[in-house]
Amino acid sequence: MSVTEPKTQPKRPSGFWSYANPVKFLALSERILPTLWWLSVICLAVGLIWGFFFTPDDFRQGSTVKIIYLHVPSALMAINAWFMMLVASLIWIVRRHHVSALAAKAAAPVGVVMTLIALVTGAIWGQPMWGTWWAWDPRLTSFLILFLFYLGYIALWEAIEDPDTAADLTSVLCLVGSVFAVLSRYAVNFWNQGLHQGASLSLDKEENVADVFYFPLLVAIAGFVLLFLALVLYRTGTEIRLRRTRALLAREARL
Amino acid sequence: MKALLARDLALALRAGGGFGLGLAFFLIVTVLVPLSVGPQSELLARIAPGLLWLGALLACLLSLDRLLALDWEDGTLDLLATSPLPLEAALSVKALAHWITTGLPLVLAAPVLGVLLNLPAPGFFWLVISLLLGTPALSVIGSFGAALTVGVKRGGLLMSLLVLPLYVPTLIFGAEVARRGAVGMETQTPLLMLAGITLGVIAIMPFASAAALRVNLR
């Protein structure tokens, strides 16, 4: 039996989508990972050391203000990690690229750790400032709910054996969960008035935190973003290799 | 659709269908609360609306694994998936049957349990209204959780972890209606939000549930 060659080669995807090919993805991520690691380490070191040792104490909060360099970037990444998972899930549902599903899976534990860092640093700051480790403030509550969403998402990945079924179900959960996470955010706002201050950073506001705190904070945020990217690329690569190993083992068992 | 509804109702009402278990659970939770927080009637009166909502929610949650699991085991779901009835419609009907056999009895029992918790007089009306509006959302969201976890053996705990965060908005607005009603504040805003959530969920959720169930039936 001979396989007839197709007359015309199917059009190769080019540009961004070509990295849906695991081989190309791995090659690229291996090329840029060392740079990413170094950049994130440098940014984090510069941002945190600058922030911790070379900025003045706040006149009301004293040195506790410096936890902002961990709190704000991790909170930012906690939300953006979920957003990235949402986009990756959509890509998996629409275009069925395995790398995308695995990237969503790889991002979830990173996101949950970011959420945890934000919650814990917030509690440590809140103890001297608000006089309590925890208050049922809308922002705090919605972060706790986000944490629960992450746990559910990870648990669903763990519970299902078949990787494609797991990818499909978690993607659906991620979409539905996103809608409900936003709903919960507004419901929680309605439910209790806040203790938490407004956004520390925004593009459209005249008044942000003072410049002395602002620039090291930006560097720290850049460090967290780079760290997140590096971790997700690294973990996605691990997932791809893990799946490959399983496929090889299965083939071996069949022979 | 009617046949499916009648079948689900009949199965739930017959022996072994688990009808009444949710109610009994609701009763037990309500009895345990004063035992755990103390019998002071003014304290109970203040937390009664929220507690009754929480009890109803948990009772609803615990009966969810019956929504699809039995039909999954005996192959009924495969038949439903191949029948001309769209899976979305079948799941809506199943959620409706679940609501009639669990949600509605909970709504009817809530005022009686309210007496046990010393619920203030104006609260009874709003408690029933809020539960009547909110419990359909609980059933429909629950059907999504059931569809996600139907292929997982002993998925009860997993389903709780998945479904409870999704219940947050419904719980907040529902309990807020009951709480405001009990202390005589205006209830219109949370009531409208609750109705909005229920209607939106009824309209959209069956598609998500059906998508999840199709993956599991593959």
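Miscellaneous remarks
- A:Gly122 among the small types (Gly, Ala, Ser), within 28 Å of A:Arg95 (Cα to Cα) and either within 14 Å of chain B (Cβ to nearest Cβ) or in contact with a helix residue (DSSP H, G or I) (Cβ under 7 Å, 6 or more places away or on another chain) (or both): no
- Selection status of A:Thr55, out of contact with any strand residue (DSSP E or B) (no Cβ under 8 Å at 6 or more places or on another chain), among the hydroxyl-bearing types (Ser, Thr, Tyr), assigned to a loop (DSSP other than H, G, I, E, B) and free of Cβ contacts under 8 Å to residues at least 24 places away in the same chain: no
- Matching residues in the stretch B:202-217 - criterion: being free of Cβ contacts under 8 Å to residues at least 40 places away in the same chain, of a type in the set (Gly, Ala, Ser) and more than 8 Å from chain A (Cβ to nearest Cβ): B:Ala203
- Screening the stretch B:168-192 for residues that are hydrophobic (A, V, I, L, M, F, W, C) and facing another protein chain (nearest Cβ under 7 Å) and picking the one that is surrounded by the fewest Cβ atoms within 10 Å (Cβ to Cβ) gives B:Val168.
- Matching option when the condition is without any contact (Cβ under 8 Å) to a residue 24 or more places away in the chain, surrounded by fewer than 24 Cβ atoms within 10 Å (Cβ to Cβ) and over 19 Å from B:Thr101 (Cβ atoms), among B:Leu162, B:Leu199: B:Leu199
- Count of the stretch A:183-239 residues which are at pLDDT below 65 and farther than 21 Å from A:Tyr69 by Cβ: 4
- Test for B:Leu4: is it crowded, with 17+ Cβ neighbours inside 10 Å, farther than 26 Å from B:Pro122 by Cα and either touching a helix residue (DSSP H, G or I) at 6+ places or on another chain (Cβ under 9 Å) or of a type in the set (Val, Ile, Thr) (or both): yes
- Residue, surrounded by the most Cβ atoms within 10 Å (Cβ to Cβ), within the stretch A:109-138, restricted to residues that are within 26 Å of B:Met159 (Cα to Cα) and more than 18 Å from the chain's Cα centre (by Cα): A:Pro138
- Enumeration of residues in the stretch B:75-89 that are hydroxyl-bearing (Ser, Thr, Tyr) and in a helix (DSSP H, G or I): B:Thr76, B:Thr82
- Residues located in the stretch B:108-128, provided they are among the small types (Gly, Ala, Ser), modelled with pLDDT of 90 or more and closer than 22 Å to B:Gln40 by Cβ: B:Ala110, B:Gly114
- Verdict on B:Leu9 being surrounded by fewer than 18 Cβ atoms within 10 Å (Cβ to Cβ), in a helix (DSSP H, G or I) and in contact with a Ser or Thr (Cβ under 7 Å, 6 or more places away or on another chain): yes
- Residues in the stretch A:141-178 that are more than 8 Å from chain B (Cβ to nearest Cβ), among the acidic types (Asp, Glu) and part of a helix (DSSP H, G or I): A:Glu158, A:Asp164.
- Test result for B:Gly156, at the interface with chain A (Cβ under 9 Å from one of its Cβ atoms) and at pLDDT below 90: no
The values are calculated or read from the model by the stated rules, or taken from the named source; none is laboratory data. Since the model is a prediction, treat every value here as computed from it, not as a measurement. Because the Cβ atoms are built from the backbone with ideal geometry, glycine has one as well, and the counts that use them run over all protein chains shown.
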